[in-house]
Amino acid sequence: MKPHFAKNSRNKEQRKVGLARALSKLGYCSRSKAAELIRAGRVKLNGVVRRDPETPTHPGKDRIEVDKAPLAPSERIYLMLNKPRGVVTSASDEKGRETVYAYLPEKLPWLAPVGRLDKASEGLLLFTNDSEWAARITAPETHIDKTYHVQINAFVEDSTLVALREGVRTDDDGFLRVKDARHLRRGERNSWLEIILDEGKNRQIRRLLEHFHLQVLRLVRVAIGPLALGELQKGATRALTIEEKKALDRAMGLAQPPRTSIDSPYFLV
């Protein structure tokens with residue numbers, strides 16, 4: 001099956017966004033880097049230098065230049081990474097820690113992670129320059145399933161799995177729950193659970209298990225909706241296939257995804 005890079009030949013964006021966000025949406029750089037370029041006077045909007053990153057901009061209609069070079073919409077790219085443990089989901093890190101961007105192929109347009117995995121977590125992490133698609137995946141109302149395999153330091157009874165599904169109140173008066181939880185396998189001193197979430201809250205699985213005095217030894221995301229991590233090696237990346245992208249679109253309720261093309265100089269094997 002061929003990997004999926006969609007030509008962004010028709011920009012359906014109807015609303016205006018800030019100039020920094022427009023540069024990010026066009027795949028030029030991150031929003032924070034774009035803000036630096038704008039404040040430095042290196043960005044023109046319709047022939048005029050703008051120094052406010054929040055200047056209203058229509059990415060599909062307005063003419064944007066950086067260092068006198070016009071920008072055009074980048075091809076839409078959908079990439080998966082098997083994130084290693086100990087790597088930060090960030091473009092840069094003030095503490096000098098390794099980031100997920102060290103594992104992305106070179107010579108690609110700017111890509112942003114779709115959601116996050118914390119430093120101690122591993123597994124499936126998506127990257128794209130299609131910001132609206134990414135926002136739909138992470139939106140609470142989408143309720144797309146995310147599947148995790150979790151190693152804990154004990155054996156749990158079925159009653160604990162029921163309690164995880166029913167949910168618990170947290171100390172800050174929040175509410176945490178899982179969509180589903182089941183036993184995967186047991187070792188001599190620990191066990192593995194499969195946990196499915198249909199919402200995304202900060203450290204949700206770890207906080208839930210801490211409530212039951214359970215320690216997380218490993219936490220691996222193995223699927224997002226119908227998209228499975230499969231046999232992708234740790235630290236490796238690959239492009240989504242057309243079939244995988246369409247399956248994710250259907251899972252998000254996109255009945256008629258935009259027509260796409262896979263012709264691309266960024267063909268990944």
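The values are calculated or read from the model by the stated rules, or taken from the named source; none is laboratory data. These numbers come from a predicted model, not from an experiment. Please note: Cβ atoms are built from the backbone with ideal geometry, for glycine as well, and neighbour counts cover all protein chains shown. Areas reflect the complete protein model, heavy atoms only, side chains present, ligands, DNA and RNA absent. Shrake-Rupley method; radii C 1.70, N 1.55, O 1.52, S 1.80 Å.
Structure notes:
- Residue within the stretch 208-217 that is at pLDDT 95 or above, in a strand (DSSP E or B) and open to solvent by less than 90 Å² (accessible area, probe 1.4 Å) present: yes
- You will find that of 39, 31, 85, the residue that is under 29 Å from residue 243 (Cα atoms) and basic (Lys, Arg) is 85 and no other.
- Residue that is nearest to residue 237 (Cα to Cα), among those in the stretch 128-146 that are in a helix (DSSP H, G or I) and in contact with a Leu (Cβ under 8 Å, 6 or more places away or on another chain): 134
- Any hit, the stretch 58-66, residues being within 30 Å of residue 235 (Cβ to Cβ), open to solvent by 10 Å² or more (accessible area, probe 1.4 Å) and at pLDDT 80 or above: no
- When residue 123 is tested against the conditions (1) open to solvent by less than 40 Å² (accessible area, probe 1.4 Å); (2) assigned to a helix (DSSP H, G or I), the lone failure is (2).
- Test: residue in the stretch 240-247 that is in a loop (DSSP other than H, G, I, E, B), in contact with a strand residue (DSSP E or B) (Cβ under 6 Å, 6 or more places away or on another chain) and open to solvent by 80 Å² or more (accessible area, probe 1.4 Å): no
- Condition met for residue 231 (open to solvent by 50 Å² or more (accessible area, probe 1.4 Å) and at pLDDT below 90): no
- For the stretch 147-169, a tally of residues being in contact (Cβ under 8 Å) with a residue 12 or more places away in the chain, over 15 Å from residue 185 (Cβ atoms), within 27 Å of the chain's Cα centre (by Cα) and open to solvent by less than 30 Å² (accessible area, probe 1.4 Å) returns 3.
- Condition check for residue 15: at pLDDT 85 or above, open to solvent by 50 Å² or more (accessible area, probe 1.4 Å) and of a type outside the set (Gly, Ala, Ser): no
- Members of the stretch 18-36 that are modelled with pLDDT under 85, outside any loop (DSSP other than H, G, I, E, B) and not charged (D, E, K, R): 24
- Note on the stretch 162-186: residues that are part of a loop (DSSP other than H, G, I, E, B) and either closer than 17 Å to residue 196 by Cβ or among the small types (Gly, Ala, Ser) (or both) amount to 5.
- Residue satisfying condition, being under 25 Å from residue 201 (Cβ atoms), of a type in the set (S, T, N, Q) and part of a loop (DSSP other than H, G, I, E, B), within set 74, 90: 90
- Unmet requirement for residue 106, which otherwise passes all of (1) of a type outside the set (Gly, Ala, Ser); (2) outside any helix (DSSP H, G or I); (3) free of Cβ contacts under 8 Å to residues at least 24 places away in the same chain; (4) more than 30 Å from residue 31 (Cα to Cα): (4)
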